[in-house]
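Only one structure is covered here, and it is reproduced in the block below.
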Amino acid sequence: MPDDALTEMLNERDWLLADGATGTNLFNMGLQSGDAPEMWNLDHPDRIRDLYRGPVGAGSDLFLTNTFGGNGSRLKLHDAQHRVRELNRAGAELAREVADAAGRKIVVAGSMGPTGDIFVPMGTLTHELAVELFHEQAEGLKEGGADVLWVETISAPEEYRAASEAAALAGMPWCGTMSFDTAGRTMMGVTSEDMVTLVGKMKDSPPVAFGANCGVGASDLLRTVLGFASQSPDRPLIAKGNAGIPKYVDGHIHYNGTPELMAEYAVMARNCGARIIGGCCGTTPEHLERMRRALEETPEGPAPDLAEIEARMGGFSSAGDGTGADVAKPRERRRGRRG
């Protein structure tokens, strides 16, 4: 069986630059809070093409489709649950068009975010329903030409496993990231060690690569990546951290991470063990350009320790990462660059 496009690229390169934010950049284009971004795949295709051209022009090797909330459960909030295949196919088709026009190899990653539902017994979501929701979305992305499914911002291991099964049903390679935003754990209590164990048990449909996205800030995300690497996983690691901390300014959310800070984060993420490096909320093409340049121009170095991460990226949001083995002692907050 031939390798998928992402695996081929990973075999050729030591590191890959992923994309940045989707939501942040769409809000800058005029998307209103509460609207479904996926509707723009049909209603404003030129804006979505511009969204995709941003990371491509900045040097990204892969970018995500505008389909994060494109599952039936999330689209039901907008009375669009019957349009799952249509909206995901359109998002992927526009991405394929932009990628194929780039003049170089670009991987189109079909974004699949969480369902927004909670699993039984605390909620109503069953494994079978979760698989069905993800599978329907995956088929639309496949029809539109996505190279790989990109499951992101997951908190529950049950949902991660359901996405894995859905990818297998669709016959698609996939990657999967979780968001470690609660004292080094996901909202559902998963630690970095737990995630490595979870991925290691996925024998039938393992991800091409796995890692962390979003969360609190660059410092916390890098600590999580160190946690992954300490377990010596046999799959490439992904790091997609936010561009700093969000602040509400003049009616809009702004992230305070500068392009220079994100460039330093990118190099540190590579040194921590990540091979696919990008940004999440607040990350613009300007950030990505600096990240690409830094990765190309800076030789790989040793993995930083927690003190170095804190000194260069800013303080951690919690004393430890939830594992009990690699705890960052609380330190006096430093002035200067912060995540």
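Based on DSSP, what percent of beta bridges with both residues in the chain are antiparallel, to the nearest 5?
Once the DSSP bridges in the chain are tallied, antiparallel ones form about 15 percent.
Counting every Cα pair in the stretch 1-54, what percent are over 15 Å apart?
Looking at the stretch 1-54, the distances longer than 15 Å represent 57 percent of pairs.
Can you bin every Cα-Cα distance in the stretch 122-202 into 5 Å intervals starting at zero and give me the percent of pairs per bin, rounded to whole numbers?
Spelled out bin by bin, the stretch 122-202 gives 3, 15, 25, 23, 18, 11, 4, 1 percent.
Can you list residues whose amide H is under 5 Å from Cys175's amide H, if they're 5+ apart or on another chain and H is modeled 1.01 Å from N?
Leu149, Trp150, Val151, Val208
Sorted by packing (mean other beta-carbon atoms within 10 Å per residue), highest first, where do 28-34, 160-166, 193-199, 117-123 land?
160-166, 193-199, 117-123, 28-34
So which lysines can Lys76 reach, going by Cα to Cα under 25 Å and dropping same-chain residues fewer than 8 places off?
List returned: Lys142.
Run a plain Debye calculation on the stretch 200-322 (Cα atoms as equal point scatterers, no solvent) and give log10 I(q)/I(0) at q = 0.10, 0.14 Å⁻¹, rounded to two decimals, same order as the q list.
Taking Cα atoms of the stretch 200-322 as identical point scatterers yields -0.30, -0.58.
In the set [x] 47; [y] 55; [z] 63, which value of percent of Cα pairs over 25 Å apart was calculated from the structure you see?
Identified label for the calculated read-out: [x].
Where a ≥ b ≥ c are the square roots of the eigenvalues of the C-alpha gyration tensor, would you call the stretch 170-229 rounded, which needs a/c under 1.5, or, failing that, prolate if a/b is larger than b/c, or oblate?
Since a/c reaches 1.5 and a/b is larger than b/c, the shape of the stretch 170-229 is classed as prolate.
Listed highest first by mean packing, meaning other Cβ atoms within 10 Å per residue, what order do 72-78, 182-188, 295-301, 264-270 come in?
264-270, 182-188, 72-78, 295-301
Ranked highest first by average number of other Cβ atoms within 10 Å, how do 232-239, 170-177 line up?
Result, highest mean first: 170-177, 232-239.
Taking only C-alpha pairs under 8 Å that are 6+ residues apart, what is the relative contact order of the chain in percent?
About 17 percent, as a whole number.
Quick one: in the stretch 1-97, what % of C-alpha pairs are over 16 Å apart?
Everything past 16 Å amounts to 59 percent.
Based only on Cα atoms, what Rg/Rh ratio does the stretch 72-174 have, Rh being taken as Kirkwood's radius?
Result for the stretch 72-174 is an Rg/Rh of 1.00.
Tally Lys and Arg at +1 and Asp and Glu at -1 over the other residues with C-beta under 11 Å from the C-beta of Gly278: what net charge comes out?
Residues close to Gly278 contribute a combined charge of -1.
Given contacts defined as C-alpha pairs under 8 Å and at least six residues apart, what's the relative contact order of the stretch 100-162, whole-number percent?
47
Rule-based calculations on the coordinates, nothing more; no lab input. A quick note: this is a predicted structure, and the numbers were derived from the prediction, not measured. We place every Cβ from the backbone using ideal geometry, glycine too, and count neighbours over all the protein chains shown.
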